[in-house]
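Reading through the structure tokens given below for one structure.
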Amino acid sequence: MSALNPRDIILRPIITEKSVKAQEVDNKYTFAVAKGANRTQVRQAVEAIFNVKVEKVNIVNVRPRLKRVGKYSGTTNAVRKAIVKLAQGQTINLF
């Protein structure tokens, strides 16, 4: 996976109340990333796409959850999230 395009590693930003709060308080941004991506690849991809300096990367595998609507049941999608802390003074405009 090392020869991938950075846009193949960073799939999309995750924008929730919790992630927006982390942006404001700790300068941390959350992205959905490719399943096999590691910390180094995520760091290089974010720095290449957004032209910022990354300080730290944490990765979380979110398991699918059971959901039910009436008699129909199913699961949510599994996702691999990367929480990226930027160096002080750096920002990414996601909106």
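The values are calculated or read from the model by the stated rules, or taken from the named source; none is laboratory data. The structure displayed is predicted, hence computed values, not measured ones. Note that we place each Cβ from the backbone using ideal geometry, even for glycine, and neighbour counts take in every protein chain shown.
Does G74 satisfy being at pLDDT 95 or above, among the small types (G, A, S) and either closer than 15 Å to I92 by Cβ or loosely packed, with under 12 Cβ neighbours inside 10 Å (or both)?
Against the criterion (at pLDDT 95 or above, among the small types (G, A, S) and either closer than 15 Å to I92 by Cβ or loosely packed, with under 12 Cβ neighbours inside 10 Å (or both)), G74 qualifies.
I'm trying to understand the selection: among the residues of segment 54-93, which are more than 19 Å from A34 (Cα to Cα) and among the hydrophobic types (A, V, I, L, M, F, W, C)?
Residues satisfying the conditions are L66, V69, L86, A87, I92.
Residue-wise test of (1) more than 15 Å from L94 (Cβ to Cβ); (2) surrounded by 15 or more Cβ atoms within 10 Å (Cβ to Cβ).
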site: L11; (1), (2): no, yes
site: Q23; (1), (2): no, yes
site: D26; (1), (2): yes, no
site: K35; (1), (2): yes, no
site: R43; (1), (2): yes, yes
site: V46; (1), (2): no, yes
site: E55; (1), (2): yes, no
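Cβ-Cβ distance below 9 Å, separation of 6 or more or different chains: which pairs start in segment 9-29 with a residue that is more than 17 Å from I59 (Cβ to Cβ) and end on one that is of a type in the set (D, E, K, R) and not in a helix (DSSP H, G or I)?
Matching pairs, first to second residue: N27/E55; N27/K85.
With the requirement that a residue be in contact with a Leu (Cβ under 8 Å, 6 or more places away or on another chain) and within 19 Å of N77 (Cα to Cα), what does segment 1-47 give you?
Matches in segment 1-47: P13, I15, F31, A32, V33, A34.
Quick check on segment 58-86: of everything there that is under 20 Å from E47 (Cα atoms) and among the basic types (K, R), which residue is farthest from the chain's Cα centre (by Cα)?
Filtering segment 58-86 for residues that are under 20 Å from E47 (Cα atoms) and among the basic types (K, R), the one farthest from the chain's Cα centre (by Cα) comes out as K85.
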